[in-house]
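The values are calculated or read from the model by the stated rules, or taken from the named source; none is laboratory data. Computed from a predicted model, the values in this text were never measured in an experiment. Positions of Cβ are backbone-derived with ideal geometry, glycine not excepted, and every protein chain shown enters the neighbour counts. To get the accessible areas, we keep the full protein, side chains included, count just its heavy atoms, and leave off ligands, DNA and RNA. Shrake-Rupley method; radii C 1.70, N 1.55, O 1.52, S 1.80 Å.
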Amino acid sequence: MDTTVAAVGSDRLRLASYLVVATALVAAAGAGAVDLRLGLLPLAALLGWSHLRSI
Amino acid sequence: MKVARDWRTWLAAVSVYTLTGLGVTLAIGAGIGELGQVAGQAGRLTLGLAVCLVVALVLAARELGVLRFRLPERPLQTEKVWMHQFGPLGAATLWGLHLSLGFFTRINYGGFWLLTLLAFALGSPGLGALLMAGHWIGKALPVWVAPLALRRSADGSEVVGVWETDARHYRRVQAVGLGATALVIAVWLAVLAAGA
């Protein structure tokens, strides 16, 4: 893989990663304030996020 | 997806992949929750949550490199050859089935096992289904965003290559998820203790 392409792809996926983390944490705080069980659901999605390597 | 020819094929394949996995994970999560219910976990909620809290913290420490141990897993990956045997949609369906089963492929991070344990400990088929389906949505999400994030097509070598070069970052992301889950469980335990 071209190293420049890899660096750009890495930066973009890392940015997407930060967005996913922020969205999941905010959603978990909001949902958890209503019902703690619901607060677990956005975190479940966050825990699945890092698994692209297995695809 | 491992192979993307044109955007319509890609969209159909990724949709089939996501929906197939969603169905499987809903069923598996409900099954695990049902097992927990039969085992009487709902009556031992505090104990179950306490165990999950410890497991979440241990797994977070593992992702941060504080602890080192292997996760239970079968070191298998999906078969690229399915694309040639079954075409894009058939292969996407099979990849969705295989990867969403979770227990039959590589498990890189501890979150999967924490959610499996939570689904059992809560003893609720509905909540178990939502937890495992939520994990699958997060797992399928990179496939949707990869074409936006990468300059070339989202072929497997490029995506996996990027992921591997940035492995420490994704371990920290997983640790954040595990830590946040531990926090929710701790608050839940505090609420239960206050109500007792």
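Between B:VAL54 and B:SER15, the simple spin-label model (points 7 angstrom out along Cα→Cβ) gives 4.7 nm. Taking packing as the residue-averaged number of other Cβ atoms within 10 angstrom, the listed peptides B:82-89, B:175-182, B:132-139, A:10-17 run from highest to lowest as B:132-139, B:175-182, A:10-17, B:82-89. Counting only alpha carbon atoms, the long axis of helix B:125-149 and the longest principal axis of chain B meet at about 40°.
Association of chains A and B removes close to 4200 square angstrom of accessible area from solvent, both sides included, for a probe radius of 1.4 Å.
Between B:ARG68 and B:ARG106, the distance separating the two model label sites (each 7 Å from Cα on the Cα→Cβ line) works out to 1.9 nm.
Just need log10 I(q)/I(0) for the stretch B:73-146 at q = 0.12, 0.24 Å⁻¹, Debye formula, equal scatterers on the alpha-carbon atoms, no solvent, rounded to two decimals. Debye intensities relative to I(0), on a log10 scale: -0.39, -1.16. Overall shape: prolate for the stretch B:2-195, with the ratio a/c of the largest to smallest alpha carbon gyration tensor axis at 1.5 or above and a/b above b/c. Of the residues making up the stretch A:7-38, those losing 20 Å² or more of accessible area when the isolated chain is joined by the remaining protein chains, with a 1.4 Å probe, are A:VAL8, A:GLY9, A:SER10, A:ARG12, A:LEU13, A:ARG14, A:SER17, A:VAL21, A:LEU25, A:LEU36, A:ARG37. The H on the amide N of B:ASN108, modeled in the peptide plane, is under 5 Å from the matching H of no residue at least 5 residues off or on a different chain. Mean partner shielding of peptide B:107-117, defined as the number of other chain Cβ atoms within 10 Å of each residue Cβ, is 3. Round to a whole number: what % of the accessible area of the stretch B:2-195 belongs to carbon and sulfur, probe 1.4 Å? For the stretch B:2-195, the apolar C and S fraction of the accessible surface comes to 68 percent.
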